[in-house]
Amino acid sequence: MGYLVGFFSDIFDGIIARRIGVSNQQLRQADSWADVCFYICVFVSAWLVHKDLVIAFQVPLLAVVFVQLVWWIVNLLKYGKPASYHTYSAKFWGITLFIATIALFGFNYAGIPLWLAIISGIIHTVEEIAMTLLLPEWKHDVLSVFHAMRLRQKLISDPLSND
């Protein structure tokens, strides 16, 4: 039950913050850190309860960790801090993680849901690495690589723009 509350509060906190006009760079970064902490807790729980399944998926899970580390390094080298894009692919990855977590803890099953989460996590991370390489300056809430390309063009054509 706590997992469901955490998952749905993660969805609605951003919506509520934007609606009441309090969403800003610091809040979006804090939201990103909360997501990381949340899923570290899910992983630790999976390790404690389903160590055999985690070990069975160790190579693909390590692949996700590896691309995430590359993402961190690219962002730290370019911007001096992690990105906070909140992309559509991140939302999709979050949904697949939700499904995989329910499958694992509710039905003792990893299989297709975990593979879907792993694949979407890698795709999402590669997209965000590409976005960081494209964007000349740190921005938050960039929804996709296509939005990043448009934003890059705007920033290059109008460097005084603050959007």
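Leaving out ligands and nucleic acids, and using a 1.4 Å probe, what accessible area per residue does the chain come to in Å²?
60
Keeping the other protein chains in place, figure out the carbon and sulfur percent of the accessible area of region 39-126, with a 1.4 Å probe.
81
Net charge near ASN24: determine it from the other residues with C-beta under 12 Å of the C-beta of ASN24, scoring Lys and Arg +1 and Asp and Glu -1.
0
With Rg and the Kirkwood Rh both taken from Cα atoms, where does Rg over Rh land for region 1-134?
0.97
If you average the alpha carbon positions of region 88-160 and of region 4-66, how far apart do those two centres end up, in angstrom?
13
Starting from the amide H of HIS140, placed 1.01 Å from N in the peptide plane, find each other amide H under 5 Å away whose residue is 5 or more places distant or on another chain.
The list, which skips near neighbours in sequence, is empty: none.
Over all directions, what mean area does the Cα convex hull of region 103-163 project, stated in square nanometres?
Reported value for the Cα convex hull: 5.1 nm².
Which of the DSSP-defined H helices in the chain satisfy a minimum axial length of 20 Å, computed from C-alpha atoms, and a minimum mean Kyte-Doolittle hydropathy of -1.0?
Those that clear 20 Å and a mean of -1.0 are 2-19, 25-49, 58-79, 88-107, 111-134.
Under 5 Å between amide H atoms, partner at least 5 residues away or on a different chain: which partners does ALA83 have, H built in plane at 1.01 Å?
The list, which skips near neighbours in sequence, is empty: none.
The values are calculated or read from the model by the stated rules, or taken from the named source; none is laboratory data. All values reported here derive from a predicted model rather than from experimental measurement. Don't worry about glycine lacking a Cβ; one is built from the backbone with ideal geometry, like all the others, and counts go over all protein chains shown. Just the protein is used for accessible areas: all its heavy atoms, side chains included, with ligands, DNA and RNA removed. Shrake-Rupley method; radii C 1.70, N 1.55, O 1.52, S 1.80 Å.
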